[in-house]
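A.B. asks: This is the structure I have questions about; it appears just below.
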Amino acid sequence: MTQHILIIGGNGIISGAVTRLAVELGAAVTLVNRGTDTTRPAIPGVESLVGDAGDAASLRAAVGTREFDVVVNFRAFTPDQVRADVELFAGRTGQYVFISSASAYQKPIAHLPIVESTPLRNPFWEYSRNKIACEDLLVAAYRETGFPMTIVRPSHTYDATLIPLDGGWTTLDRIRHGVPIVVHGDGTSLWTLTHTRDFARAFVGLLGNPHALGSAVQITSDESLTWDAIAGLFGSALGVEPRIVHVASETLAAHLPYGDGLLGDKAHSVVFDNSRVKSLVPGWQAVIPFAEGVHEIVDWYLADPAHQTVDAELDAAFDRVVAQFGSGSTR
């Protein structure tokens, strides 16, 4: 039987891969988005509705009275949005999937590997606290009314367009030209990167899966890399040895614009136990190592000069940080 799936915001880095795979596997997919993103090509084989996930009235008007086997919201970031979704889709779907974040897990992390029962607490980053609040609301809705929710926690998931190093292309441009780049801490904390194609295969296996209802599932690669190793892989793909300057995370947070996400997520070592998703989706395994994925990223950026935009303000901030705090810490 064909699954009828509603995906709210289905053309992004993660959601686009999920949408394409669901269509490939024969699902009838309806997307709801604002219809204003011209940076990514339209996905063939889907029905498109225009609505704003951040506006409950707009979303309600877009969906009308329709019912779906599965509803997935990739664009829910606040409890108010999730509360409106519960009201809108109660009794109209067999499963509601909320995209949370592995950044919701306790910071600092007390025990590795991270599992779904690891406590949720993030005093550093409001984004993560909002995700936790959304999860709390969904857990209460499931317990009180049986609302058929599933919570999915991705970690750092990438495609060819996403550079995981802070600074994006600005940092890669510095590597290319032999200019020092900044890596937080001593560069040895562990990080997990997951390709969207790997993520999508696990995620689609959860859709319509009754064993996933009422619970949280994390989906990540099993590969953990140090930040120095990640920078080194970019250097190898570019044919340049990166000049790495190590600076304390707290210092970077005080002097660069991405401080909350650094202290609330990337500054902490993460290693994940994916036993649960593997039990729910038999045979699933992340198979794309970052040593392979990094070439997709570099090739995409080098293929078109329009992708190679240097943020002059951020570039200057990197120079100031290197000059002020980088003495004696260059690899």
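Only the coordinates and a few stated rules stand behind these numbers; no lab work does. Since the structure is predicted, the reported quantities are computational estimates derived from the model, not experimental observations. Note: ideal-geometry Cβ built from the backbone for every residue, glycine included; neighbour counts use all protein chains shown.
A.B. asks: Using the 10 angstrom Cβ neighbour count as an exposure proxy, how do Tyr142, Tyr96, Tyr105 rank, fewest first?
C.D. replies: Tyr142, Tyr105, Tyr96
A.B. asks: Let me ask you something else. On each of the three principal axes of the Cα atoms of the chain, give max minus min coordinate, whole Å, ordered largest first.
C.D. replies: Result, largest extent first: 62, 43, 39 Å.
A.B. asks: Return the distance in nm (one decimal) between the two label points of a simple spin-label model at Asp222 and Ala306, each offset 7 Å from Cα along Cα→Cβ.
C.D. replies: According to this spin-label approximation, the distance is 4.1 nm.
A.B. asks: Starting from the Cα-Cα distance between His295 and Asp186, subtract it from 0.36 nm times their residue separation and give me the gain in nm to one decimal.
C.D. replies: Result: 36.7 nm gained on full extension.
A.B. asks: Another question, if that's okay. Within a 10 angstrom radius of the beta carbon, how do Glu296, Glu313, Glu135, Glu241 rank from fewest other beta carbons to most?
C.D. replies: Ordered by Cβ neighbours within 10 Å, fewest first: Glu313, Glu241, Glu296, Glu135.
A.B. asks: Enter the angle in degrees (range 0 to 90, nearest 10) between the Cα long axis of helix 126-145 and the first principal axis of the Cα atoms of the chain, meaning the one along which they spread out most.
C.D. replies: Approximately 20 degrees, to the nearest 10.
A.B. asks: Counting Lys and Arg as +1 and Asp and Glu as -1, each charge on the Cβ, what is the dipole of the chain about the Cα centre in debye, to the nearest 20?
C.D. replies: The calculated dipole for the chain is roughly 480 debye.
A.B. asks: Something else: Could you please state, rounded to a whole Å, how far the C-alpha centre of the stretch 191-223 is from the C-alpha centre of the stretch 31-92?
C.D. replies: 21 Å
A.B. asks: Here's a follow-up. In whole angstrom, how far apart do the alpha carbon centroids of the stretch 157-180 and the stretch 109-154 sit?
C.D. replies: 30 Å
A.B. asks: Which of rounded, prolate, oblate describes the stretch 93-139, given a ≥ b ≥ c as roots of the alpha-carbon gyration tensor eigenvalues and a/c under 1.5 marking rounded, otherwise prolate only if a/b is larger than b/c?
C.D. replies: Note, shape of the stretch 93-139 comes out oblate.
A.B. asks: So, one more: Could you go through the stretch 21-28 in sequence order and give the Karplus-derived ³J(HN,Hα) for each residue, using 6.51 cos²θ - 1.76 cosθ + 1.60 with θ = phi - 60°, rounded to whole Hz, and x for Gly and Pro?
C.D. replies: Those phi angles translate into 5, 4, 5, 4, 8, x, 6, 8 Hz.
A.B. asks: How large is the charge dipole for the stretch 1-96, taken about the Cα centre, if only the Cβ atoms of Lys, Arg (+1) and Asp, Glu (-1) carry charge, to the nearest 20 debye?
C.D. replies: Charge dipole, the stretch 1-96, about its Cα centre: 100 debye, nearest 20.
A.B. asks: Pull up all non-local amide H partners of Met149: gap of 5 or more, or a different chain, and H-to-H distance under 5 Å with H placed in the peptide plane.
C.D. replies: Under 5 Å from the amide H of Met149 lie the amide H atoms of Tyr96, Gly214, each far enough along the sequence or on another chain.
A.B. asks: Between Glu87 and Ser275, what FRET efficiency follows from the Cβ-Cβ distance if R0 is 30 Å, with the result rounded to 0.05? Please list the in-between numbers first.
C.D. replies: Working: r = 34 Å, r/R0 = 1.14.
Efficiency computed from Cβ-Cβ geometry: 0.30.
A.B. asks: Same structure again: With +1 on each Lys and Arg Cβ and -1 on each Asp and Glu Cβ, how big is the dipole of the stretch 237-331 about its Cα centre, in debye rounded to the nearest 20? Before the final figure, lay out the partial values.
C.D. replies: On the way: 6 positive and 13 negative charges, 83 e Å.
Taking the Cα centre of the stretch 237-331 as origin, the dipole is about 400 debye.
A.B. asks: Given all pairs of different Cα atoms, what value in angstroms does the Kirkwood hydrodynamic radius of the stretch 172-261 take?
C.D. replies: This gives a value of 15.7 Å.
A.B. asks: For the chain, calculate the relative contact order in percent as a whole number, restricting contacts to Cα pairs under 8 Å that are 6 or more residues apart.
C.D. replies: Dividing the mean separation by the residue count of the chain yields 18 percent.
A.B. asks: Follow-up. What FRET efficiency would be calculated for the residue pair Val179, Gln285, taking the C-beta separation as r and a Förster radius of 25 Å, to the nearest 0.05?
C.D. replies: On the way: r = 38 Å, r/R0 = 1.52.
So the FRET efficiency works out to roughly 0.05.
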